[in-house]
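Before any comments, here is the structure.
The values are calculated or read from the model by the stated rules, or taken from the named source; none is laboratory data. Being a predicted model, the structure only gives us computed values, none of them experimental. Positions of Cβ are backbone-derived with ideal geometry, glycine not excepted, and every protein chain shown enters the neighbour counts. These accessible areas exclude ligands, DNA and RNA; they are computed on the full protein's heavy atoms, side chains included. Shrake-Rupley method; radii C 1.70, N 1.55, O 1.52, S 1.80 Å.
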Amino acid sequence: MAIKKQEVNVHGIFQNTAEFFEQFRGKIIPSHDIKQTDFKDKKVAVIGADQHTVTHLELISQSAQFIKVFQITPHFVLPNTERGLQKLINHPLVIKNRRLFNSRVKSLLALRYLDSQVQDAWTRRQLTPNVAAANKVFLKSDSYYTALQKENCKLITWPVVKISADAVQSMEGIEHLVDIIITTY
């Protein structure tokens, strides 16, 4: 018994795949096209996270009216520059052997970085990834947490229910009106 695509969109659980964005009438851009897009005075939704969205969130926040980051799952974020890494670790042996870091050490460094960048305890809790997860995703950015804390940026941790013609609806029942959706599928 085959399920029609339309039925999946209306009645199924949201998946971060192309089929669930078909009803949206605004602009949909893949995350790798962020640098080529003009966000001036636009209402932007970022669904999910990948290296492009984490790296360029600060750039988007400089011109967008507002940004809503729909977090599917928290990720480990490490500083991108040596300068950022130096702030986290001061021991010369760790710096010398940084290429030998295993997943556990990277996880601890990412958590320390999160603690140093996000002052609000509730926001920090929402951004804390599962240390016990088997498949950890490590992303790099020096400005991601700063951008998330700007006045025109909001982290949404409620699951996405559906994408309508002009909005992203989250599970708490709010329809977030947006002009542009940045996809990470």
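Quick look at the numbers
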quantity: Residue, most open to solvent (accessible area, probe 1.4 Å), within the range 3-30, restricted to residues that are touching a Phe, Trp or Tyr at 6+ places or on another chain (Cβ under 9 Å) and either among the polar types (S, T, N, Q) or modelled with pLDDT of 95 or more (or both); calculated: Q15
quantity: Those residues of the range 136-145 which are open to solvent by less than 70 Å² (accessible area, probe 1.4 Å) and in contact with a strand residue (DSSP E or B) (Cβ under 8 Å, 6 or more places away or on another chain), in sequence order; calculated: K136, V137, F138, L139, S141, Y144, Y145
quantity: Filtered residue count, the range 120-136, keeping only those that are among the hydroxyl-bearing types (S, T, Y) and touching a helix residue (DSSP H, G or I) at 6+ places or on another chain (Cβ under 7 Å); calculated: 1
quantity: Of residues in the range 155-167 being over 15 Å from the mean Cα position of the chain (by Cα) and not small (G, A, S), the one farthest from I34 (Cα to Cα); calculated: V161
quantity: Some residue of the range 138-154 being under 12 Å from the mean Cα position of the chain (by Cα) and under 15 Å from N16 (Cα atoms); calculated: no
quantity: Subset tally (residues that are under 18 Å from Q51 (Cα atoms), in contact with a Leu (Cβ under 8 Å, 6 or more places away or on another chain), free of Cβ contacts under 8 Å to residues at least 60 places away in the same chain and aliphatic (A, V, I, L, M)) for the range 102-150; calculated: 4
quantity: Neighbours by Cβ (under 9 Å, 6+ apart or cross-chain): first from the range 29-50, free of Cβ contacts under 8 Å to residues at least 24 places away in the same chain; second surrounded by 18 or more Cβ atoms within 10 Å (Cβ to Cβ) and aliphatic (A, V, I, L, M); calculated: D33/I182
quantity: Among (1) at pLDDT 90 or above; (2) assigned to a helix (DSSP H, G or I), the one test that G84 misses; calculated: (1)
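Yes/no per residue for (1) loosely packed, with under 15 Cβ neighbours inside 10 Å; (2) assigned to a loop (DSSP other than H, G, I, E, B):
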| position | (1), (2) |
| --- | --- |
| L111 | no, no |
| S116 | yes, no |
| W122 | yes, no |
| P129 | no, yes |
| A134 | yes, yes |
| A147 | no, no |
| L155 | no, no |
| W158 | yes, yes |
| G173 | yes, yes |
